[in-house]
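The next block holds one structure in the form of C-alpha cells; read it before the comments.
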Amino acid sequence: MSPSGKDIPPPAAPSASTPPAKTEGHTKEPGAINTGEINKLYKQVEGKLEAIVDKLLISKMNDNDNILQSVQAMMEKIFIASAMKISDNNVSQASKLLGINRNTLSKKLKEMERR
C-alpha cells in the first residue's frame, strides 16, 4: 500500500518489447560497456597512441610531411568505417555513434569514395 492508502500494482515483468535499461543517460544494450570501462579504453588508446606518435615523429624529424593531417585523416577513416559496420551501413545510426551530424557524415563518406 502507498502512503495514501491505495494499492500500488507491482512493476510489470520485463518482456521482449521492454526497451533496454538506461544507465547514466545511456541505453544499456546487450554487450554494452559501462562508463568506467569506457574511460579505461580511452586511457589505453591514449597510452598506445602516444607511444606510436613518438615513434612516428622521431622517424619524420627531417621530413616535411604534414603528419598530423595524415594521421587525423587515417583515424577519421577508421572511425567512420567502424561506425558504418556496427550500424549496418545506416548513416543516421553511424552519425549518432560518432557524435556528428548525419549530413556531415554523408559528406565525409562521399569524400572517402573519391579518394
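The values are calculated or read from the model by the stated rules, or taken from the named source; none is laboratory data. Values in this document were obtained by computation on a predicted structure and should not be read as measured data. Cβ sites come from the backbone with ideal geometry, for glycine too, and all protein chains shown count toward neighbours.
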Single residue of Ala83, Ala51 found to be more than 22 Å from the chain's Cα centre (by Cα) and within 26 Å of Ile38 (Cβ to Cβ): Ala51
Thr35 β-branched (Val, Ile, Thr) and either at positive phi or at pLDDT below 90 (or both): no
Positions within the range 42-98 being within 12 Å of Lys108 (Cβ to Cβ) and of a type in the set (Ser, Thr, Tyr), in sequence order: Ser95
Matching entry among Met74, Met61 (being in a helix (DSSP H, G or I) and at negative phi): Met74
Complete set of residues in the range 99-115 that are over 12 Å from Lys77 (Cβ atoms), modelled with pLDDT of 95 or more and assigned to a helix (DSSP H, G or I): Arg102, Asn103, Thr104, Leu105, Ser106, Lys107, Lys110
